[in-house]
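Remarks on the structure that follows.
The values are calculated or read from the model by the stated rules, or taken from the named source; none is laboratory data. Since we're looking at a predicted model, the values are computed, not measured. So basically every Cβ, Gly included, is an ideal-geometry build from the backbone, and we count neighbours across all protein chains shown.
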Amino acid sequence: MRLRPEQLKTHLERSGKMPVYFVSGDEPLQKLESIDLIRNHYQKQGYDERIIFEVNKSFDWNQINGASSNLSLFSNNKIIELRMAAPKPGRQGGIFLQQYVENENNDTVLIISSDKIDKGTQNNKWVKAIDKAGLMIQVWPIGPAQLPGWIQARMQNRQKKITHDAARLIAERVEGNLLAAQQEIEKLLLLIEKDRIDIEDIMGAVADSSRYNVFDMLESAFVGNIDRTLLMLNGLKNEGTEPLLLFGALMWEYRRLCSIAYEYEAGTQLENIFRSYRIWDQKKRPITSVLKRHTSKSLDRLLNYCAVIDKTLKSGQRDRAWDQFSTLLLAIAGINTDKLQIS
């Protein structure tokens with residue numbers, strides 16, 4: 001079965017469990033969001049254990065069987081994420097995936113992600129098996145003509161309206177980069193309280209760039225500049241920044257970093273990753289710096305701590321969240337802290 005990314009949320013709400021989901025494409029934001037939707041849906045259903053495999057040339061496919069059959073002290077239901085830089089598992093991997101999909105795995109959900117599938121790969125037996133028994137989501141780039149409408153829809157999902165001219169201005173500034181467009185949306189949500197945003201609001205936000213900025217703050221943490229990071233965090237707090245919106249903006253950037261780290265450790269050249277994610281030259285240094293300090297495993301651990309912050313914000317203990325923001329940013333910057341407890 002095949003769906004577009006925008007159809008996935010409704011499908012998950014209305015449908016039962018599927019054994020496997022395959023998310024493919026070269027546009028990182030929609031791919032990450034689709035995987036997050038699937039993962040969060042099953043975690044709410046009691047799939048509490050998450051196991052991640054990065055596929056490379058020496059990957060042992062039998063590890064997946066071992067992970068799906070091993071009993072856990074914490075949960076019988078598991079989410080297995082299989083990350084392939086390219087949809088080329090090889091002959092052994094193709095046979096394994098076909099057999100895995102055709103067998104019943106009632107306690108396990110398999111989420112496969114990869115770059116775009118070409119026509120030849122779509123004819124492979126393992127892909128056809130997934131198409132028959134599971135769900136395939138192929139992500140396609142949003143064209144320049146469609147991007148203003150995409151921005152307007154995003155704003156509407158956050159209970160805001162933005163004029164077409166204002167959305168078009170953002171689209172022109174980000175030059176087709178959806179991750180950058182989402183960052184601009186998060187910035188506007190932080191800076192503008194009005195329900196309807198127009199061009200004058202956009203220009204005002206740009207003129208107000210001297211204010212403390214969550215994305216600049218995170219970049220400071222990436223390069224290990226602790227003093228500047230904490231100064232900017234305190235500045236955001238003193239400005240009365242809504243912590244839930246700050247958290248949303250922070251998470252967009254952090255999830256991208258996690259995805260980059262996985263691809264880098266899987267063997268993809270860093271310059272190729274930068275090109276794929278449309279990362280500008282001035283943004284390369286912070287990401288390169290944090291990748292020298294953290295592995296994908298340590299970044300995943302911090303992602304679990306982000307879930308702790310999310311619970312704090314939803315519980316209404318927002319003053320406590322600022323201390324947790326500080327702990328998270330210090331950990332990203334490379335400071336070991338005994339406060340980083342996942343509980």
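Results, tabulated for the structure shown:
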| item | result |
| --- | --- |
| Of all residues in the stretch 87-105 being surrounded by fewer than 15 Cβ atoms within 10 Å (Cβ to Cβ) and without any contact (Cβ under 8 Å) to a residue 40 or more places away in the chain, the one that is nearest to the chain's Cα centre (by Cα) | Gly90 |
| Residue within the stretch 170-183 that is more than 24 Å from the chain's Cα centre (by Cα) and surrounded by fewer than 19 Cβ atoms within 10 Å (Cβ to Cβ) present | no |
| Of the criteria (1) part of a helix (DSSP H, G or I); (2) free of Cβ contacts under 8 Å to residues at least 40 places away in the same chain, which one Gly143 fails | (1) |
| Matching residues, the stretch 293-318, being among the charged types (D, E, K, R) and without any contact (Cβ under 8 Å) to a residue 40 or more places away in the chain | Lys297, Lys311, Lys314 |
| Every residue from the stretch 11-29 that is modelled with pLDDT of 90 or more and assigned to a helix (DSSP H, G or I) | His11, Leu12 |
| Candidate set from the stretch 1-51 (those that are basic (Lys, Arg) and closer than 11 Å to Ile137 by Cβ); member that is surrounded by the most Cβ atoms within 10 Å (Cβ to Cβ) | Lys31 |
| Entirely in the stretch 270-343, the helices (runs of 4 or more DSSP H) that have 2 or more residues that are surrounded by fewer than 17 Cβ atoms within 10 Å (Cβ to Cβ) and within 17 Å of the chain's Cα centre (by Cα) | 296-314 |
| Residue satisfying all of: in the stretch 122-160; basic (Lys, Arg) and in the same structural domain as Pro28 (by TED's automatic domain parsing); nearest to Leu12 (Cα to Cα) among these | Lys132 |
| Hey, Ile117 surrounded by 13 or more Cβ atoms within 10 Å (Cβ to Cβ) and closer than 21 Å to Ala85 by Cα or not | yes |
| Leading residue by the ranking (farthest from Gly93 (Cα to Cα)) among those in the stretch 134-163 that are buried (at least 16 other Cβ atoms within 10 Å of the Cβ) and over 20 Å from the mean Cα position of the chain (by Cα) | Thr163 |
| Exclusive hit being of a type in the set (Lys, Arg) and in a loop (DSSP other than H, G, I, E, B), set Lys88, Lys132 | Lys88 |
| Filter pass, Met232 being outside the structural domain of Val23 (by TED's automatic domain parsing), surrounded by fewer than 20 Cβ atoms within 10 Å (Cβ to Cβ), part of a helix (DSSP H, G or I) and over 22 Å from the mean Cα position of the chain (by Cα) | no |
